[in-house]
Structure formats: C-alpha cells, structure tokens
1. Out of all the residues in segment 111-139, which are at pLDDT below 85 and farther than 21 Å from Ala14 by Cα?
2. At pLDDT below 95 and of a type outside the set (Phe, Trp, Tyr): is that true of Glu74 in this structure?
3. Within the set of pairs 6+ apart or on separate chains, which have a first residue in segment 40-55 that is surrounded by fewer than 17 Cβ atoms within 10 Å (Cβ to Cβ), a second that is of a type in the set (A, V, I, L, M) and not in a helix (DSSP H, G or I), and C-beta atoms under 6 Å apart?
4. Which residue is modelled with the lowest pLDDT, if the candidates are limited to segment 186-204 and must be in a loop (DSSP other than H, G, I, E, B), loosely packed, with under 14 Cβ neighbours inside 10 Å and at negative phi?
5. Please go through segment 161-173 and pick out each residue that is surrounded by 14 or more Cβ atoms within 10 Å (Cβ to Cβ), more than 19 Å from Cys50 (Cβ to Cβ) and touching a helix residue (DSSP H, G or I) at 6+ places or on another chain (Cβ under 8 Å).
Amino acid sequence: MTGLQNKVVLVTGASSGIGAAVAVDFAKLGCKLSIVGRIAENLEKTAVNCIAAGCLKENIFQSIAELTNEEECEKIVEDTCKYFGKLDVLYNTLFPASVAKAALDQLTRALSLESGPKGVRVVSVNPGSVEDTAIWERSGICPTEEKLQAHHAKSRPMYPLQRLTNSAEVAGVVTWLASDDASFIHGVILPVDGGITCMSQYMM
C-alpha cells in the first residue's frame, strides 16, 4: 500500500477489537498514531502492540475519552494536531445498532458531498459478524465460551463464504482504503460481510 508512511492517523475505539487491530495495521505501515479508548490498561496494550509492529514510542499519542461527549471529541482532535502538527486520517470505530446503522450510512453520504471538494475522502466500512470476543464485551454481553462457539456455529451457514470475519481482516480493508491505492473511493458504504447482504432472509 502506498502513501501512508509518516501519515498521522487518529483511531478511536483502539482499546480492543477492530479498533486495536486497525491501529496495529497502521503502525506496520509506518504511520504515526493517536489512539483513543475508554480503558487505559487496554489502550496501553494496543500501544505496546503498535510499538512491536514498528511504530516508535514517541509516535504514539494516547487519549482516554468518552466519544458520546462532543467536547471530548473536539479535544482529541485538537490535542492530536498539537502533538503531531497535523491530522491525515481519522478512523472511528463505532458500534451502532438498529436505526443508528442507517443514520451512519446516510451521514457517510452527506459528509462525502461536503468534504469531497476539500479533498477529504469519507468511507464507511460495514463488517459482518466478527468472531473476536472484544465485540461482545463492548456491547456488555459476555457469553460463556461454549455459548459463543454455538452462536458462531449457527451464524456461519448464513454467509455464502460459510465463515465469519475477524478484526485483522477488517483492519486490512481499512488501511487499504486510507492508502493512495484507494484514492478514488469516496462516499461509499463498503460491506465486509462475506456476501451476507446477497442472501435472502428465506435462505438463512
């Protein structure tokens, strides 16, 4: 992937799951990172993994914040720009449900119309079911390992690929979209769902 070396990337939800995997992937590609999460201990683990992936310690800026607070969101951006002098890429790890998903899709389209003339690309990545346990923990649901495996076994046949995705797989899509290789991809909602959107509900 081209064009990511020394880019400043802000990753929210970086304490675990997809957000943590995205941060590590950007670290591997030579990016400078501003990582945000709610749990300091978990965020520090992500920072350690980013360093192991090749990112210098001084090129990682950590913030503990609650993204439902608008002032905290603004402060994260301000602090990132103050620390690095710029911000090139923003990746938000959201966990919307129900109608919020539709709202997020429409927000992506609206922002793309507003930001496109300024040279800022906006893309939404919609993953299918992810096997990582961090997704369940973030939702407040902590099933036993037995129940989790039973759920996965029941879910896999719903997908044409007959499997679920994982955080690393989604992270690879995110870093590619942020690179120059995807420079003409803008305003789209990209499913990373193993083809489940092609399935009829009667086939599930």
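1. The answer is none; no residue qualifies.
2. Details: at pLDDT below 95: no; of a type outside the set (Phe, Trp, Tyr): yes.
Judged against the criteria, Glu74 is not a match.
3. Cβ pairs passing all conditions: Ala40/Ile64.
4. Residues of segment 186-204 in a loop (DSSP other than H, G, I, E, B): 186-188, 193-195, 199-200, 204.
Those still in the list that are loosely packed, with under 14 Cβ neighbours inside 10 Å too: 195, 200, 204.
After this cut, where a residue has to be at negative phi as well, the list is 200, 204.
On the way: Ser200: 63, Met204: 54.
Checking each candidate, the answer is Met204.
5. Those that are surrounded by 14 or more Cβ atoms within 10 Å (Cβ to Cβ), more than 19 Å from Cys50 (Cβ to Cβ) and touching a helix residue (DSSP H, G or I) at 6+ places or on another chain (Cβ under 8 Å): Arg163, Leu164.
Residues are listed down the side, and each one gets a yes or a no for (1) at pLDDT 95 or above; (2) in contact with a helix residue (DSSP H, G or I) (Cβ under 8 Å, 6 or more places away or on another chain):
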{"residue": "Thr2", "(1), (2)": "no, yes"}
{"residue": "Lys7", "(1), (2)": "yes, yes"}
{"residue": "Thr12", "(1), (2)": "yes, yes"}
{"residue": "Ser16", "(1), (2)": "no, yes"}
{"residue": "Val22", "(1), (2)": "yes, yes"}
{"residue": "Glu44", "(1), (2)": "yes, no"}
{"residue": "Ile51", "(1), (2)": "yes, yes"}
{"residue": "Ile64", "(1), (2)": "yes, yes"}
{"residue": "Glu70", "(1), (2)": "no, no"}
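The values are calculated or read from the model by the stated rules, or taken from the named source; none is laboratory data. Treat the numbers as computed from the prediction; the structure is a model and nothing was measured. Note that we place each Cβ from the backbone using ideal geometry, even for glycine, and neighbour counts take in every protein chain shown.
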